[in-house]
Structures are given as structure tokens and as C-alpha cells.
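Read the structure below first, then the notes.
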Amino acid sequence: MRDAYNLELDNLRAQLGDMVQLVAEAMELATRSLLHQDLETAEQVISDDVKVDDARSAAEEKAYGLLALQAPVATDLRIVVASLHAAESIERMGDLALHVAKAARRRHPEPVLPPDVRPAFERLGDVDVRLARKLERVVRGDDAEAAKSLEDDDDEVDEIHRNLFTVIMDRDWQHGVSPAVDLTLLSRFYERYADHAVSVARRMLFVVTGRMPNHSASDV
Amino acid sequence: MAKRIEVKDLDIYYDKFLAVQGVSMTIQPRSVTALIGPSGCGKSTFLRTLNRMHELVPNARVEGSVVMDDDDLYGPNVDPVNVRRQIGMVFQRANPFPTMSIYDNVAAGLKLNNKRLKKSDMDDLVERSLKSANLWEEVKDRLHKPGSGLSGGQQQRLCIARAIAVQPEVLLMDEPCSALDPISTQAIEDLMLELKANYTIVIVTHNMQQAARVSDTTGFFNLQGVGKPGELVEIDETTRIFSTPSQKATEDYISGRFG
């Protein structure tokens, strides 16, 4: 029954999955451009961001159509409502990757990162991309368990973010104000990226369990 | 006015055939309870047992109990006519008495109950009932024209006015809007929301969006298979039934995934 409708719901999930895939790649490439002063890769991330924006519009249009025409209830309704929220968060993840790429482009051909903080950003990039890959499986409905382990990954990102502050605030910091500002912002971009991923994962758990995600803990 | 109905382990039989099995529910006063479910699941049959209307079918009987506040509706000395006086009913097809005027249609219940009222009191009561049914403004200048001359939606509201003229405790409605257009449906739904301030309302509907719009509590009836008895699968707050029902059968039905 309602085959066309079920197909539309599946398509909506698939669209979101594709979006997450895009922003995972974007963050992977943005990090590479940051670590290696790779202007070409940075440019690619910047120009590809429009794909994420378009995907978001398409997902919203589909969700709107389902609400208008099919009057979804129960699990179906949760999928549609969660998707509307998720599409926005995923688009933000894309924007954050874009910001990283723009920072790399702005300083080119100089490196943005002083050598002593490079390892921290390598890890930030790794964990964020890992988070996004897991999120893709959660969104596609392949791995609900991964939603829970996302929170641990997010804790790891928060920890690196905090440590970087300690480094920048240290009296031995010798790279001046401008790099300090860059690092603070960049680290924040990675940290927000992970937060958005966790928030989307919680929305997807809500689809399954019907329990509203805990708002107070979702945005730190 | 407005009483609580407590149904416990109700089995409904037509002769030897068990039509509905094991229904237990509490129907709260001053609220709208909607009953949904596929055709043949026994929801209308169940509704009729709440005012013993099903007894009009020969050999129909029930086991279990239906208690309104403290009165057992199936007690040994209970007159079914008296039950129906307290628990009114509105049907799928509007059924005004065709030869009677609008006025007489509303007054009929009282006349049949041998209430002797002064003309002015009767006029008041007819006016009040028609106003409660949101029909007064449309018919006040033609009260003595036949009720059958009204539109379908107006006829249904006339039937509601007739049902509430005898001041029942409970109003049962069996698919009251299924023969009406969306505007008349809207009028009846608005009316239900107004009437629930004073009455206990139970409505059977095939329109799930209607159940979602008007009811506080929704019960889902289903049957296991052909020839098996209908049963109450789940009853809960309406928001819960339409957002996170606890039974898969309920979710499948409200999401349109059946069969």
C-alpha cells in the first residue's frame, strides 16, 4: 500500500545521506588544503558548497510536498520533521568546511598553522570526517548504533578544542596575534561541525524512538 | 450532565457469533473519544452497545459490563429506553422525521418522552437546542417548514439538535460527517468541540484526520482476520496515537500501511 509514498520517504532519507556524504568529503578536502597549503583543493571545496545548498533546497521541497499531500503521521511524520531539521544542520556542516577552506585560501601560499599545532588539526580533521561517515550510515538507516558512538567522537573533538586554547593562551606562544585568531576560529569550526553531526544523529534516533532529542545537551 | 462510562471485558454476540471481544475502556466525561478502525472491526457495533441500540438486532447480546457513573446499563431492572434517553445517538445518514417540521423534529424527543411543557417553554427549548447545534440562525424564519427541506449538513445538525433537546448525558455519533461536504463537516466538527464542554462525546469515524482534529482520546479497533472477532487494539491520548502509538498495528493503520 502507498508504494509511491513509501518510495518518496525513502528518497528523502537517501537525499540526506547524499548530503552528509558531500559534507564529509568537503571537510576531508578542506583539512587537506589547510594542512598542505593546497589552493586548488581549497577552491574545489569552496565551489562545491553550492551543491550542498541545492541538496538542502531539494530535501526541503520534498519534505514540504510530503506534508502537503500525504499528511504523514507517527514514524513517517517524524522522518519528515527530523529531515527538515537535519537538512539545515547538514548544510551548516558544509558551510563550516567552507570556512576552513577559505582560511587556507586567504593565507596561501603561507601556511595557516604553525608547525606545533598541525597534529591537533590533523586529529580534528580525522575525527570530524569519521563522525560524518558514521552519520551518513545513521541517516541512511543502516546503523542506528553508530548514533550513540558519535557522542564519544564529539567528546574527543571538544577535548582537542579545549587543549588548543591552552596552547594559544600560554605565555610561551610565539606566533603573534593573527595566527592565534585564525587558530581559535578554525578550531571552533571543527568543534561546531561535530556538534551539528551529533544533533543530526539525535534527530535520527528520534525517528526510531519517538522521544524528542534532549535540547539542553545538544548545543554546547 | 456529562458522565463517565466504564466498559469492562465487553464481549458482543450476534446469536452465537462473537462479533467483538474483550473491550475495556474508560470514556472520560466532557471529552471527545474517537473510535477508528477498518470496516467490520466492530467499532459501530461497540458504539451501539453503549446505549443498547444493538438490541434492535434479534439475538444480539453482550457479556461484561458497561457502567455510567454508578449505573450499570445492563442491570436487571434497567429499561433500555431509559438508557437511550440518557445516551443520545446521531447516525451516518441524517434522519430527520421527514413529514415533521423543523420545530417538531426538535420537539419530538420530548413529546415521545411524554414531557408536558407549556408552549413558551417548548419554544425556548427548541430555540436553545437549535442554537447549541449552530442551526438557529439558518432556520429561525422557517421553523414550521419540513426538516427534509434542509441541506444534508443542516439536516445532520437538526438531528444533533433533536438529540440534545432531551438533555442526554452522552452523545454517540456514528460517522456523522461521512455523507457531508467539507464545509458542513467543519461545522459539525466545530460543534463537537463546543458540545464537549457539556457532554461526553463518542464518535466513530473513518476519517482519521477528523479523529485527530476533534478528539482527545482515540481508540483503534481491528480484527485478526475474517470471521474472527473485532477487538480494541489500543486506546490513548489522540496526540500519542498519531505521533507515537505503542502498537505496530495502530501505526500501520494510521500510516495507511494495511493489507
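The values are calculated or read from the model by the stated rules, or taken from the named source; none is laboratory data. Values in this document were obtained by computation on a predicted structure and should not be read as measured data. All Cβ positions, glycine included, derive from the backbone under ideal geometry; neighbour counts span all protein chains shown. These accessible areas exclude ligands, DNA and RNA; they are computed on the full protein's heavy atoms, side chains included. Shrake-Rupley method; radii C 1.70, N 1.55, O 1.52, S 1.80 Å.
The condition of being part of a helix (DSSP H, G or I), closer than 21 Å to B:LEU50 by Cβ and open to solvent by 10 Å² or more (accessible area, probe 1.4 Å) holds for B:ARG162. Tell me yes or no: at least one residue of region B:72-82 is in contact with a Leu (Cβ under 6 Å, 6 or more places away or on another chain), in a strand (DSSP E or B) and either at negative phi or at pLDDT 90 or above (or both). Among the residues of region B:72-82, not one is in contact with a Leu (Cβ under 6 Å, 6 or more places away or on another chain), in a strand (DSSP E or B) and either at negative phi or at pLDDT 90 or above (or both), which makes the answer no. The set of residues from region A:179-220 being open to solvent by 60 Å² or more (accessible area, probe 1.4 Å) and at pLDDT 90 or above comprises A:VAL181, A:LEU185, A:ARG188.
Can you report the number of residues in region B:242-259 which are under 24 Å from B:PRO176 (Cα atoms), in contact (Cβ under 8 Å) with a residue 24 or more places away in the chain and facing chain A (nearest Cβ under 9 Å)? Matching residues across region B:242-259 total 3. Listed residues A:ALA14, A:ALA24; which is more than 14 Å from every other protein chain (Cβ to nearest Cβ) and under 30 Å from B:LYS248 (Cα atoms)? Going through A:ALA14, A:ALA24 in turn, the sole match is A:ALA14. Among the criteria (1) surrounded by fewer than 19 Cβ atoms within 10 Å (Cβ to Cβ); (2) of a type outside the set (Gly, Ala, Ser); (3) touching a Gly at 6+ places or on another chain (Cβ under 7 Å); (4) at pLDDT 95 or above, the one A:ARG2 does not fulfil is (4).
If the condition is being open to solvent by 60 Å² or more (accessible area, probe 1.4 Å), closer than 20 Å to A:PHE189 by Cβ and of a type outside the set (Asp, Glu), then region A:5-38 contributes A:GLN21, A:ARG32, A:HIS36, A:GLN37. Residue under question is A:ALA82, and the condition is that it be within 14 Å of another protein chain (Cβ to nearest Cβ) and among the small types (Gly, Ala, Ser); does it hold? Judged against the criteria, A:ALA82 is a match.
Of the residues A:ARG56, A:ARG32, the single one that is among the basic types (Lys, Arg) and either within 14 Å of another protein chain (Cβ to nearest Cβ) or within 14 Å of the chain's Cα centre (by Cα) (or both) is A:ARG56.
When each of A:SER187, A:SER178, A:SER199 is tested for being without any contact (Cβ under 8 Å) to a residue 24 or more places away in the chain and either of a type in the set (S, T, N, Q) or under 30 Å from A:LEU84 (Cα atoms) (or both), the lone residue that passes is A:SER178. In a helix (DSSP H, G or I), surrounded by fewer than 20 Cβ atoms within 10 Å (Cβ to Cβ) and of a type in the set (Val, Ile, Thr) - does that describe any residue in region B:168-185? Yes, because at least one residue in region B:168-185 is in a helix (DSSP H, G or I), surrounded by fewer than 20 Cβ atoms within 10 Å (Cβ to Cβ) and of a type in the set (Val, Ile, Thr). Could you check, for region B:32-52, whether at least one of its residues is over 30 Å from B:ARG257 (Cβ atoms) and among the aromatic types (Phe, Trp, Tyr)? No: zero hits.
Residues in region B:20-60 that are part of a strand (DSSP E or B) and crowded, with 20+ Cβ neighbours inside 10 Å: B:VAL20, B:GLN21, B:VAL23, B:ILE27, B:VAL32, B:THR33, B:ALA34, B:LEU35, B:ILE36.
Is it true that A:LEU77 is of a type in the set (A, V, I, L, M), over 30 Å from A:ILE168 (Cβ atoms) and outside any loop (DSSP other than H, G, I, E, B)? Yes, satisfied.
Looking at the structure I just gave you, is B:VAL66 touching an Asp or Glu at 6+ places or on another chain (Cβ under 8 Å), surrounded by 17 or more Cβ atoms within 10 Å (Cβ to Cβ), among the β-branched types (Val, Ile, Thr) and modelled with pLDDT of 95 or more? Answer is yes for this residue.
Being part of a helix (DSSP H, G or I), in contact (Cβ under 8 Å) with a residue 60 or more places away in the chain and closer than 30 Å to A:ASP54 by Cβ is a condition met by at least one residue of region A:106-118. Here B:GLY153 meets each of (1) touching a residue at least 24 places away in the same chain (Cβ under 8 Å); (2) more than 15 Å from the chain's Cα centre (by Cα); (3) within 14 Å of chain A (Cβ to nearest Cβ) with one exception, condition (3). The number of residues in region B:84-137 being over 30 Å from B:TYR74 (Cα atoms) and open to solvent by 80 Å² or more (accessible area, probe 1.4 Å) comes to 8. All conditions but one from (1) more than 14 Å from chain B (Cβ to nearest Cβ); (2) in contact (Cβ under 8 Å) with a residue 24 or more places away in the chain apply to A:GLU61; the one that does not is (2). Only one of the listed residues (A:GLN70, A:GLN44) is open to solvent by 50 Å² or more (accessible area, probe 1.4 Å), touching a helix residue (DSSP H, G or I) at 6+ places or on another chain (Cβ under 7 Å) and within 14 Å of another protein chain (Cβ to nearest Cβ). That residue is A:GLN70. Is there a residue in region B:204-219 that is touching an Asp or Glu at 6+ places or on another chain (Cβ under 8 Å), within 27 Å of B:ASP69 (Cβ to Cβ), among the charged types (D, E, K, R) and surrounded by fewer than 24 Cβ atoms within 10 Å (Cβ to Cβ)? Looking for residues that are touching an Asp or Glu at 6+ places or on another chain (Cβ under 8 Å), within 27 Å of B:ASP69 (Cβ to Cβ), among the charged types (D, E, K, R) and surrounded by fewer than 24 Cβ atoms within 10 Å (Cβ to Cβ), one finds at least one in region B:204-219, hence yes.
Taking region B:204-232 on its own, how many of its residues are within 14 Å of another protein chain (Cβ to nearest Cβ) and assigned to a strand (DSSP E or B)? Qualifying residue count for the region: 2.
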